[in-house]
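The next block holds one structure in the form of structure tokens; read it before the comments.
The values are calculated or read from the model by the stated rules, or taken from the named source; none is laboratory data. Remember, it's a predicted structure, so these values are computed and weren't measured experimentally. In this analysis, Cβ positions are derived from the backbone assuming ideal geometry, glycine residues included, and neighbour counts consider all displayed protein chains.
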Amino acid sequence: MSRQELLHEIDEIFYLSRGTLSGKEKLKEIEGWDSMAVLNFISLLDSRCAIIVAPDAIAACVTVDDLVRLAELPGA
Amino acid sequence: MPASIRAIATHFPEAVLDNAQLAARFPDWTPEKIEQKTGIAFRRVAAEGETSSDLACQAAARLFASGICRPEEIGYLILVSQSPDHFMPTSACILQHRLGLPTSAGAVDVNQGCSGWIYGLGLAKAIIESGQAARVLLLTAETFSKFMHPEDKGSLTIFGDGAAATLVEAAGDSPGNIVGQMVYGTDGSGADNLIIRNGAFRNRGLAGTAPGTDKFGNLCSADHFYMNGPEVFNFTLRTVPSAVNAVLAAHALELDQVDIVVFHQANKYMLDHLRQKLRIPSERFLLAMRDHGNITSSTIPNALLIAEQEGRIRRGARVLALGFGVGYSWGGTVLNWEAGLSLPKS
């Protein structure tokens, strides 16, 4: 999965149009950043990247780019 | 004589909490979104003064009223519940008297949650196969609504109240629904993620603690049920696949040799993800939480009963059952569904 594909998947978690998020957005400023969104992100990384990410690591994220880094994408 | 599941009956309180009522209380959600995510349309809510043992009593009475078994034929009663009538005496002892079970019967409470039916079934199997009793009445019952904070929308959306009565008996010469090898697991490091902190002795005198929010914004009240959803979801991702493999290994089976998989019916979102992760075809996977929500220890028998009523389990089917949750605790087995259930009249 590419960084751009992952951003599109995160767009979907927040019910945003594809291409809305660039990565620099602060999570707390995005409507819908709640425990359900966290579950969706855990589910996304498990199903698409075979990574089970710790919820505490997600809680420590400030920006969308911080979430992307948890995906450990090749070359990222 | 191997242990066999003969019959299952359920009972639910009258009051209904539907998604429109929830959406009216929590306007950032719509009824459609709630059902889409959780798979739940309705939950039953116990009345003030209506306890788990009341619900269990009604489920057992329904089973006896069908004529499948008489109270005096029960040799042992197991009540699985985390909401007893009192700290003491054991609720199962009260139920022995209310149900008219023999005074020669054993009766015990098992404090276990979403894995509880599996644990009760394992105890019933051991009691029967060691010759201690020929018939065990396994009751699972919970009034989760009484544990929840009125503003905890996540828990209010998922959990419902209800009870199931499962009759487990020594298989005779005719076909039964044989209970296979039991597989268990426990990881108490997750205790804080599904917990009611106050009300017993560890935090004695602390009732009345003001609620706050956790790092994910969930309401967190020490006097009420708290669930750390992301941590619990992670627990299932780590544990359920390996637990399924352990159950399969104990029966020398591959997953494609199992006809029906029934997990604890936590919520649709979680089960859909686990089903896809384990590559279980949807037609072999039971989802039965729509009408009653997550009724903790009663979800598996309720799902089996619904599947039996709908004709979804053929005779001779291998049914893999797995419970998991509070503790953390998990357990599973394979049921050889040779006879089907003796169905009480509704």
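Miscellaneous remarks
- Number of residues in segment A:1-26 that are in contact with a Gly (Cβ under 6 Å, 6 or more places away or on another chain) and loosely packed, with under 12 Cβ neighbours inside 10 Å: the value is 0.
- Residue satisfying condition, being under 19 Å from the mean Cα position of the chain (by Cα), over 21 Å from residue B:268 (Cα atoms) and either surrounded by fewer than 22 Cβ atoms within 10 Å (Cβ to Cβ) or of a type in the set (Gly, Ala, Ser) (or both), within set B:239, B:209, B:186, B:213: B:186
- Out of B:261, B:247, B:232, one residue alone is touching a Phe, Trp or Tyr at 6+ places or on another chain (Cβ under 6 Å), closer than 30 Å to residue B:56 by Cα and touching a residue at least 40 places away in the same chain (Cβ under 8 Å). It is B:261.
- Considering (1) more than 21 Å from residue B:198 (Cα to Cα); (2) touching an Asp or Glu at 6+ places or on another chain (Cβ under 7 Å), the lone condition that residue B:143 does not fulfil carries the number (1).
- Summed over segment B:199-218, residues that are closer than 20 Å to residue B:232 by Cβ and outside any strand (DSSP E or B) total 6.
- Restricting segment A:27-70 to residues that are in contact (Cβ under 8 Å) with a residue 40 or more places away in the chain and surrounded by 15 or more Cβ atoms within 10 Å (Cβ to Cβ), the residue that is farthest from the other protein chains (Cβ to nearest Cβ): A:65
- Set B:83, B:53, B:66: member being buried (at least 22 other Cβ atoms within 10 Å of the Cβ), among the hydroxyl-bearing types (Ser, Thr, Tyr) and not assigned by TED's automatic domain parsing to the domain that holds residue B:327: B:53
- Scope segment B:219-276; condition more than 14 Å from every other protein chain (Cβ to nearest Cβ) and in a helix (DSSP H, G or I); matching residues: B:243, B:244, B:245, B:246, B:247, B:248, B:249, B:250, B:255, B:256, B:257
- In segment B:127-144, the residues that are under 20 Å from residue B:7 (Cα atoms) and in the same structural domain as residue B:168 (by TED's automatic domain parsing) reach residues that are among the charged types (D, E, K, R) and surrounded by 20 or more Cβ atoms within 10 Å (Cβ to Cβ) with C-beta atoms within less than 6 angstrom, at least six apart or across chains, in these pairs: B:135/B:169.
- Residue in segment B:96-112 that is in contact (Cβ under 8 Å) with a residue 40 or more places away in the chain and under 24 Å from residue B:177 (Cβ atoms) present: yes
- Looking at segment B:1-76, the helices (runs of 4 or more DSSP H) lying wholly inside it that each contain 2 or more residues that are modelled with pLDDT of 95 or more sit at B:19-25, B:52-65.
- Qualifying position, being at pLDDT 95 or above and either surrounded by 22 or more Cβ atoms within 10 Å (Cβ to Cβ) or under 15 Å from the mean Cα position of the chain (by Cα) (or both), among B:116, B:100: B:116
- Scope segment B:135-152; condition surrounded by fewer than 24 Cβ atoms within 10 Å (Cβ to Cβ), in contact with a helix residue (DSSP H, G or I) (Cβ under 7 Å, 6 or more places away or on another chain) and closer than 18 Å to residue B:34 by Cβ; matching residues: B:148
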